[in-house]
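To start, the structure under review is shown below, and the notes come after it.
The values are calculated or read from the model by the stated rules, or taken from the named source; none is laboratory data. Since the structure is predicted, the reported quantities are computational estimates derived from the model, not experimental observations. A quick note on method: Cβ atoms are made from the backbone with ideal geometry, for glycine too, and the neighbour counts reach across all protein chains shown. These accessible areas exclude ligands, DNA and RNA; they are computed on the full protein's heavy atoms, side chains included. Shrake-Rupley method; radii C 1.70, N 1.55, O 1.52, S 1.80 Å.
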Amino acid sequence: MKKLLFMLICMFISIPTMASAHTHLSSSNPTEGQVVTEELKEITLDYAENIEKLSTMKLLKDGVEIPLSQILVQDRQLVGTLSAPLENGSYIIDWNIVGEDGHPITGKVSFTVEIEQINKEKETTQPKVEENKQANEQQDKVETQTEDQTENQTENQTSTNTVTTIITVLLLAILVMGLVVLFKKKRK
């Protein structure tokens, strides 16, 4: 009977920590939805936990991979060095990491580069109406993508919180049932 109680207590303590042990992206440079206006030399992704050396990232523009000259894994950080300056446009950082617990985790960070357009606006006192229209359309597109990704991240966090809550409730129920069985046997 003591073994059963001991096993229940061990399960109660260990399962919630296993459920919440997966690491996640805590910050990035560039950030999600950012409009980059200066030359970018490297991409930095920071995670909540240490990541394994197998972790990697790809930089994509319109579905085409942009080569990175180097990708380094440093404890909780994944750093990609760009081999050439980025052209204006929308980019996606597609990352794949392996957490310390061995679980693979993937994600994406989207951003936009608008270096030349900013410089042109500084040079001219009255930008053309068509350029403004294109800039507004691109900004609307970036905002829509950012809203969609924010909703996806919120859904993922809600899903993770729900799973953790369910596991915790189940463990509490198992523990209570184990204690009831233990006390019934003691009374006999």
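Criterion applied to 60, 78 was being out of contact with any helix residue (DSSP H, G or I) (no Cβ under 9 Å at 6 or more places or on another chain), assigned to a strand (DSSP E or B) and within 22 Å of residue 116 (Cβ to Cβ), and the one residue passing it is 60.
Which one is nearest to residue 182 (Cα to Cα), of the residues in segment 1-21 that are open to solvent by 80 Å² or more (accessible area, probe 1.4 Å) and at pLDDT 60 or above? It would help to see each step written out before you state the result.
Within segment 1-21, the subset open to solvent by 80 Å² or more (accessible area, probe 1.4 Å) is 1-3, 6-7, 13, 17-18.
Retained after the next criterion (residues that are at pLDDT 60 or above): 1-3, 6-7, 13.
Working: 1: 7, 2: 9, 3: 11, 6: 11, 7: 13, 13: 19 Å.
This residue is 1.
Filtered by the rule that a residue be open to solvent by less than 50 Å² (accessible area, probe 1.4 Å) and in contact (Cβ under 8 Å) with a residue 40 or more places away in the chain, segment 51-101 gives 51, 55, 81, 82, 86, 90, 93, 95, 97, 98, 99.
Restricting to segment 84-113, count the residues that are assigned to a loop (DSSP other than H, G, I, E, B), out of contact with any His (no Cβ under 9 Å at 6 or more places or on another chain) and farther than 21 Å from residue 37 by Cβ. Give the derivation first.
Taking segment 84-113 and keeping what is assigned to a loop (DSSP other than H, G, I, E, B), we get 84-88, 100-103.
Subsequent filtering for residues that are out of contact with any His (no Cβ under 9 Å at 6 or more places or on another chain) retains 84-88, 100, 102.
Retained after the next criterion (residues that are farther than 21 Å from residue 37 by Cβ): 100, 102.
Within segment 84-113, residues that are assigned to a loop (DSSP other than H, G, I, E, B), out of contact with any His (no Cβ under 9 Å at 6 or more places or on another chain) and farther than 21 Å from residue 37 by Cβ number 2.
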